[in-house]
Amino acid sequence: MPADLVLLSARLLDPATGAFLPETALAAADGKITALGDDREIRALAGPATTVLDLKGAVVTPGLTDGHLHPVHGAELTHGLDLSGCTDLPAVRDALAREAAALAPGAWLHGWGLDPNVFGGRPVEAAALAPVLDGIPALLQLFDAHSMLASPRALELAGVDGPRTFDQASEIVCDAAGRPTGLLLEDAACELVERAAPQPTRTERRDRLAAALRAMAAAGLTGGHAMDANGDSLAFYAELDAAGELPLRLRVAPWCQPGTGADGVRALIDQQGTGGRLWRTAGVKLFMDGTIDNGTAWLERPDCHGESTHAFWPDPDAYTRIIGQLHAAGVPTATHAIGDAAVRHVLDAVEKARATGTTGVRHRVEHIETVPDDTLRRFAELDVVASMQPTHCCDFTRADHTDNWSRRLGEERAARAWRCRDLVDSGATVVLGSDWPIAPYPPLGVMAGARHRRPTRDLTLPPHGPEQALTALEALRGMTVHAARAAGEEDRAGRLAPGHRADLTALGGDPLTTPATDLPELPVLLTVLDGRPTHRDARL
């Protein structure tokens, strides 16, 4: 049958070898690559309804996949005041004052991307933003999305006037007199105040998601590993898919929280494989700790404030038992583990699960911000995927270790930041992602950060841990072949080969020879999902 899509005059880049294929053209039908060849051969496969595009020498790679993102949460969170560009308290106060001046009486102020480094040596608390927020209900999400600042008025409206006890490692931070400081740590605490704020309509939320996904496709993404299935997420994906408006292929991992019983685990197992043409539920997401910046990571030794000493699961052995149950059922898991103790516990749990004899289940660890030498080799030994977000190191830490993350850890552990190079050298499969909305989603920026490890707002500053940088080819593999392997899809994704998915990204230059600092500006000329263009530059 005739091809649905024909691409001509292309340079086809194989990320497995780093070489260009000898062919210059590609045909696709029914969502798969059907043929590679020269322009004459492939043009002959076109029919009257075929989309034929002359790429004029553009470089085509397998579709770029973000290994860790939160589409629905991100679309909701990034609707408000963007504070990510503020580098000190005066800048934050100025931005909040301008936003507050435009608010209707009684309206809530929402902000996101607040960097704790702006507070310098003072506590992260709402008092630092007075009097700008006096009388205004405000919720300011910190960049890690594991904590937020609530203004006094927001706390009042939510009825939060002191500490609370939660089933997970969450906290309403209070002063010595038991009064909330405004800092809320982890989801359970944040949700107490979030529920008091006006909520967007379902239609508004769906439209924001659709717009965010279209922007991702325009940035070159064809897929993403979505690390939550909260609220209406799955319903939104189903609706967009059915309407032909889902521009990314999504692999969705619902959460398993502390306190999940046998029925909850069984429901997660039964949910596996459900979905549509372009999305499916695959795997389960768990948390072993929080974040280093807010003192909720799980470290083998306390941080400089005596914090980050506990697991997210009050009983870590319960986590280990659930990993064993999911493994036995053939369900892959992805565990948020940032601190060294958290990463070690996840690997121990996977090793125990594998010892039962069940094979063919590939687990993942997400983030892995600091680990000692003896942990590195275990990823390859246990076939555990290392899911890394290098732009977190670029934008939220500093080469001289004067940032909040590094100060909390101290020199020894801060020197083990985001060990991408060491993990690759130890034989681990390293998949790259953004963790959007924590960091920007454009994949060229993610790959660039893995290579240069410099602050993206000022690339003249020195890199943090340049010895941990990846090569251009390793970075490309992290969003193509390794992303496919992390999903257990290496037999049908991540390569330019007949029978593989026709998920493609076409760039205006070679990502392997473009300098890392210039890579984010490389034009994305065409994005193809399932054989259908989802973004097409006017130059084509």
**Q.** Long-range neighbours under 7 Å by Cβ, at least six apart or interchain, first residue touching a residue at least 12 places away in the same chain (Cβ under 8 Å) and within 12 Å of residue 3 (Cβ to Cβ) within the range 24-49, second among the hydroxyl-bearing types (Ser, Thr, Tyr) and open to solvent by 10 Å² or more (accessible area, probe 1.4 Å)
**A.** 27/34; 28/34
Q.
All but one of (1) open to solvent by 40 Å² or more (accessible area, probe 1.4 Å); (2) of a type in the set (Val, Ile, Thr); (3) modelled with pLDDT of 95 or more hold for residue 431; state the number of the condition that does not hold.
A. (1)
Q. Is there a residue being small (Gly, Ala, Ser), over 25 Å from the mean Cα position of the chain (by Cα) and closer than 26 Å to residue 183 by Cα anywhere in the range 329-342?
A. no
Q) Given the residues 121, 135, which is the only one that is open to solvent by 30 Å² or more (accessible area, probe 1.4 Å) and free of Cβ contacts under 8 Å to residues at least 12 places away in the same chain? A) 121
Q) For the range 85-99, which residues satisfy the criterion of being at pLDDT 90 or above and either part of a helix (DSSP H, G or I) or open to solvent by 70 Å² or more (accessible area, probe 1.4 Å) (or both)? A) 89, 90, 91, 92, 93, 94, 95, 96, 97, 98, 99
Q) How many residues, within the range 166-198, are surrounded by fewer than 14 Cβ atoms within 10 Å (Cβ to Cβ) and modelled with pLDDT under 90? A) 1
Q: With respect to residue 146, determine if the residue is under 22 Å from the mean Cα position of the chain (by Cα), open to solvent by 60 Å² or more (accessible area, probe 1.4 Å) and not acidic (Asp, Glu).
A: no
(Q) I'm checking my understanding of the structure. Among residues of the range 27-41 that are out of contact with any Leu (no Cβ under 8 Å at 6 or more places or on another chain) and part of a helix (DSSP H, G or I), which one is most open to solvent (accessible area, probe 1.4 Å)? (A) 40
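Suppose we filter 509, 531, 494 for residues that are open to solvent by less than 20 Å² (accessible area, probe 1.4 Å), closer than 30 Å to residue 461 by Cα and of a type outside the set (S, T, N, Q); which single one remains? Walk me through it before giving the result.
Details: 531 fails: closer than 30 Å to residue 461 by Cα; 494 fails: closer than 30 Å to residue 461 by Cα.
Just a single option satisfies the conditions, and that option is 509.
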Q | Residues within the range 323-346 that are of a type in the set (Gly, Ala, Ser) and not in a helix (DSSP H, G or I), tallied | A | 5
(Q) Being farther than 17 Å from residue 421 by Cα, free of Cβ contacts under 8 Å to residues at least 40 places away in the same chain and β-branched (Val, Ile, Thr) is the filter here; which residues of the range 436-487 pass it? (A) 460
Q) Among 263, 303, 241, 289, which is the only one that is open to solvent by 40 Å² or more (accessible area, probe 1.4 Å) and either under 22 Å from the mean Cα position of the chain (by Cα) or more than 30 Å from residue 221 (Cβ to Cβ) (or both)? A) 263
Q. What number goes with the only condition from (1) in contact with a helix residue (DSSP H, G or I) (Cβ under 8 Å, 6 or more places away or on another chain); (2) among the acidic types (Asp, Glu); (3) at pLDDT 95 or above that residue 241 does not pass?
A. (1)
Q: Please enumerate the residues belonging to the range 200-231 that are out of contact with any Gly (no Cβ under 8 Å at 6 or more places or on another chain), among the polar types (S, T, N, Q) and not in a loop (DSSP other than H, G, I, E, B).
A: 203
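Output the residues belonging to the range 367-391 that are crowded, with 23+ Cβ neighbours inside 10 Å and either over 22 Å from residue 352 (Cβ atoms) or acidic (Asp, Glu) (or both).
First pass over the range 367-391, keeping only residues crowded, with 23+ Cβ neighbours inside 10 Å: 367-371, 379, 384-391.
Correct list: 369, 370, 388, 389, 390, 391.
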Q) Given the conditions (1) over 21 Å from residue 516 (Cα atoms); (2) modelled with pLDDT under 95, and given that residue 439 satisfies all but one, which numbered condition is not satisfied? A) (1)
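Can you tell me which residue within the range 302-318, out of those that are of a type in the set (D, E, K, R) and without any contact (Cβ under 8 Å) to a residue 60 or more places away in the chain, is nearest to residue 346 (Cα to Cα)? Before you say what the answer is, go through the steps one by one.
Step one: filter the range 302-318 for residues of a type in the set (D, E, K, R), giving 303, 307, 315, 317.
From what is left, the residues that are without any contact (Cβ under 8 Å) to a residue 60 or more places away in the chain are 315, 317.
On the way: 315: 13, 317: 11 Å.
Among them, the one singled out is 317.
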Q: Please work out which one of (1) open to solvent by less than 60 Å² (accessible area, probe 1.4 Å); (2) within 24 Å of residue 336 (Cβ to Cβ); (3) out of contact with any Asp or Glu (no Cβ under 7 Å at 6 or more places or on another chain) is the condition residue 279 fails and give its number.
A: (3)
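Yes or no: residue 504 within 22 Å of residue 451 (Cβ to Cβ), in contact (Cβ under 8 Å) with a residue 24 or more places away in the chain, touching a strand residue (DSSP E or B) at 6+ places or on another chain (Cβ under 8 Å) and open to solvent by less than 50 Å² (accessible area, probe 1.4 Å)? So that I can check it myself, show each step before the final result.
Values: within 22 Å of residue 451 (Cβ to Cβ): no; in contact (Cβ under 8 Å) with a residue 24 or more places away in the chain: yes; touching a strand residue (DSSP E or B) at 6+ places or on another chain (Cβ under 8 Å): yes; open to solvent by less than 50 Å² (accessible area, probe 1.4 Å): yes.
So residue 504 fails the test.
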Q.
Among the listed residues 79, 73, identify the single one that is in a loop (DSSP other than H, G, I, E, B) and open to solvent by 60 Å² or more (accessible area, probe 1.4 Å).
A. 79
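What do you reckon, is residue 159 open to solvent by 30 Å² or more (accessible area, probe 1.4 Å) and within 13 Å of residue 194 (Cα to Cα)?
Yes, satisfied.
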Q. List, please: which pairs have Cβ atoms under 6 Å, are six or more places apart or on different chains, and start with a residue in the range 203-227 that is over 26 Å from residue 284 (Cα atoms) and end with one that is surrounded by 21 or more Cβ atoms within 10 Å (Cβ to Cβ) and among the aliphatic types (A, V, I, L, M)?
A. 220/64; 220/524
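The values are calculated or read from the model by the stated rules, or taken from the named source; none is laboratory data. Note that this is a predicted model, so its numbers are computed, not measured. Because the Cβ atoms are built from the backbone with ideal geometry, glycine has one as well, and the counts that use them run over all protein chains shown. These area figures cover heavy atoms from the full protein model, side chains too; ligands, DNA and RNA do not enter into them. Shrake-Rupley method; radii C 1.70, N 1.55, O 1.52, S 1.80 Å.
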